[in-house]
Amino acid sequence: MFNNPFIKQLFASFLDLAPILAVVLVFQVLIIRQPIPDVGSLIGGTLFVILGLTLFVQGLEQSLFPVGESMAYAFARKGSLFWLLTFAFCLGVGAAIAEPALIAVAEKAATIAANGKLIAQTDAAKAGYALGLRITVALSIGLAILIGVLRIIRGWPVYYPVFFAYVCIAVMTPFAPVEIIGIAYDAGGIATSSITVPLVTALGVGLATSIKGRNPMTDGFGLVVLASLIPAIFVIAYGMAI
């Protein structure tokens, strides 16, 4: 039975989730000292999470990882820098726009902005703010992936663009509205989630593998950190502009 790849992944997902369940149960029973509410729903929800994680990982291994790597190989063989960078930018924008976490946080940020009187208390104003925030983050992710791909091609050390991004964030923060700073700092982490990270990682590793003289370990990784930092710069600028 355990020779089945799906069953193996199901068991692995359970082991990944077990420490979280243990922490919650220990604090609920021993620290808070209250009975666990609705045990049936807790068990059912846990099973759904385990199944969801298993299906998600299987989907990554069978679709997103192979697609990202194969397209990186294809563009490297084609030898067109323009189309490779265009693909990297569009991939970053498309993946970020589709991130469920970014959609949810953008809507929450719009509500907070309205309550803080940064925008009008209307549905149209909130929807416009949320959409603007999502587009801003998506464009920044696209630019981050483009820079990361160019870094792999040129062989630049990863810390060059990382240090530059940190300097930009430090210089811009004192001039940004207080209400936007926390959102800006979290934007990159929110946008580099379940959809973006697998695609970006597969692209970077595949590209570094296919280019002569590049090491997948030292050159293939590093795209995600850029995708985490550059959105902060864009969102701070967005907050200063509105």
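The values are calculated or read from the model by the stated rules, or taken from the named source; none is laboratory data. In this text, all values refer to a predicted model and were calculated from it rather than measured experimentally. FYI the Cβ positions are ideal-geometry reconstructions off the backbone, even for glycines, and counts take in every protein chain you see. These accessible areas exclude ligands, DNA and RNA; they are computed on the full protein's heavy atoms, side chains included. Shrake-Rupley method; radii C 1.70, N 1.55, O 1.52, S 1.80 Å.
Any idea what log10 I(q)/I(0) is at q = 0.13, 0.16, 0.18 Å⁻¹ for the range 99-242, Debye with uniform C-alpha scatterers and no solvent?
Scattering profile of the range 99-242, log10 relative to I(0): -0.58, -0.81, -0.95.
In what sequence, largest accessible area first, do Thr86, Thr136, Thr122 appear using a 1.4 Å probe?
Thr122, Thr86, Thr136
Of Pro19, Pro231, Pro198, which has the largest mean-square fluctuation in a 10 Å C-alpha GNM of the chain?
For the chain, modelled as a Gaussian network with Cα springs under 10 Å, the answer is Pro19.
Once every DSSP H run of n ≥ 4 in the chain is given -39500 (n - 2.57) and the sum is divided by its residues, what mean residue ellipticity at 222 nm do you get, rounded to the nearest 500 deg cm²/dmol?
-26000 deg cm²/dmol
Report P(r) for the range 171-242: all Cα-Cα distances, bin width 10 Å, range 0 to the bin holding the largest distance, values in whole percent.
21, 36, 24, 16, 3
Using only alpha carbons, build the gyration tensor for the range 53-135 and give me the equivalent ellipsoid semi-axes, biggest first, whole Å.
36, 18, 6
Would you please put 169-178, 51-60 in order of how densely packed they are, using the mean number of other Cβ atoms within 10 angstrom per residue and starting with the highest?
Highest to lowest by the protection proxy: 51-60, 169-178.
Once the dipole of the chain is set up with Lys and Arg at +1 and Asp and Glu at -1 on Cβ about the Cα centre, which of Ala12, Phe65, Ile112 lies farthest towards its positive end?
My answer, from the dipole projection, is Phe65.
For the range 1-115, just say rounded, prolate or oblate: build the C-alpha gyration tensor, square-root its eigenvalues into a ≥ b ≥ c, call rounded for a/c under 1.5, and beyond that prolate if a/b exceeds b/c, oblate if not.
The shape class here is oblate.
How much area per residue is accessible in the range 144-224 when the probe is 1.4 Å and only protein heavy atoms are counted (Å²)?
48 Å²
Write down the Kirkwood hydrodynamic radius of the range 87-175, to one decimal in angstroms, obtained as one divided by the mean of 1/r over all alpha carbon pairs.
One decimal place: 14.8 Å for the Kirkwood radius.
Over the chain, what is the relative contact order in percent, taking alpha-carbon pairs closer than 8 angstrom and at least six residues apart?
24 percent
Rank by packing, highest mean first: peptides 151-163, 213-225, with packing defined as the count of other Cβ atoms within 10 Å averaged across residues.
Top to bottom by mean Cβ count within 10 Å: 213-225, 151-163.
For the range 132-197, treating each Cα as an identical point scatterer without solvent, what Debye log10 I(q)/I(0) comes out at q = 0.25 1/Å?
With one equal scatterer per Cα and no solvent, log10 I(q)/I(0) is -1.26.
How big is the dipole moment of the chain about its Cα centre under a simple scheme where the beta carbon of each Lys and Arg is +1, that of each Asp and Glu is -1, and everything else is neutral? Debye, nearest 20, please.
With Lys and Arg at +1 and Asp and Glu at -1, about 520 debye.
Below 30 Å, Cα to Cα, which lysines can Lys108 reach? Residues fewer than 8 away in the same chain don't count.
Lys117, Lys126
When only alpha-carbon atoms are used, what values of Rg and Dmax, in angstrom, describe the range 102-154?
14.9, 48
Along each principal axis of its Cα atoms, how long is the range 1-51 end to end? Whole angstroms, biggest number first, please.
41, 19, 14
If you average the C-alpha positions of the range 22-50 and of the range 183-197 separately, how far apart do those two centres end up, in angstrom?
So the two Cα centres are separated by 28 Å.
Keeping all protein chains in place and using 1.4 angstrom, which order do Tyr73, Tyr185, Tyr238 fall into by accessible surface area, from largest down?
Heavy-atom accessible area, descending, gives Tyr185, Tyr73, Tyr238.
Taking N as the number of residues in the chain, what value does Rg over Cα atoms divided by 2.2 N^0.38 Å take?
Rounded to two decimals, the normalised Rg is 1.18.
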